[in-house]
Structures are given as structure tokens and as C-alpha cells.
1. Quick one: which strands (runs of 3 or more DSSP E) sit completely within region 18-115 and have at least 3 residues that are free of Cβ contacts under 8 Å to residues at least 60 places away in the same chain, surrounded by 12 or more Cβ atoms within 10 Å (Cβ to Cβ) and under 15 Å from the mean Cα position of the chain (by Cα)?
2. Considering every residue within region 5-16, establish whether at least one is without any contact (Cβ under 8 Å) to a residue 40 or more places away in the chain, surrounded by fewer than 13 Cβ atoms within 10 Å (Cβ to Cβ) and closer than 16 Å to Val92 by Cα.
Amino acid sequence: QVQLVQSGGGLVQPGGSLRLSCAASGNIFGIYPMGWWRQAPGKQRTLVARISNGDTSTYADSVKGRFTISREHAKNTVYLRMNSLTPDDTAVYFCSLDRMTSTYWGQGTQVTVSS
């Protein structure tokens, strides 16, 4: 079994920054693709950023140039640095880990961008 524990998030003003963390533990032997998703009220969960097992990162067009996904291998932790936040970034953010045919999810964390 794999557990993903998220931290970070909260309330920030437009133009501000936040960093989310996602620590993986459990039955993990190796490096796996991980991602950050978000879900706004009444909308589907969408992929924000993804980092491959080779540490190649990809981003949704809406966050390119503002968000950065990174990984710290020694801690089995992935981060999402979010800059220049706008109210449209308000959502619950989830991290994910893909291992073989399974996808594991973090508990979700609220990010609210408001003045």
C-alpha cells in the first residue's frame, strides 16, 4: 500500500505564491510518475502538472510559466510551487502517484486565492 500525505495550501491574495508538498510512504521501491491535480467546485478534476520517473515535467497550459513541479528523491516528496496566483487557481489540489496499474491519491488541500 502507498500513502500520500499533503501539506501546504491555504488562503493567498492574487499575485501571491504558495508551495504544496506531497510525501509518499509505504510500499514504494523505485521512482514513479507523480502529479498534481485540482478540482474546483462543480468541475472535474484536471491535471495541473506531472513529473515522470525520469523527472521530466509537463504542465497544463493554464499554469505554464507560473507553477513548478519538483521532486526530492531522498524524501519521496513532490512539490508544487505556485506563483502569480489568480482567483481561477482556487480549487482543492490533489497529488497522485502512478505505480503499475494503480493510481494513489493524497487527501487534498484547499487553495483559495482571494483579496
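Coordinate-derived values only; no laboratory data. None of these values were measured; they are calculated from a predicted model. Backbone-built Cβ (ideal geometry, glycine too); neighbour counts: all protein chains shown.
1. 46-51, 57-59, 67-72
2. Within region 5-16, none of the residues are without any contact (Cβ under 8 Å) to a residue 40 or more places away in the chain, surrounded by fewer than 13 Cβ atoms within 10 Å (Cβ to Cβ) and closer than 16 Å to Val92 by Cα.
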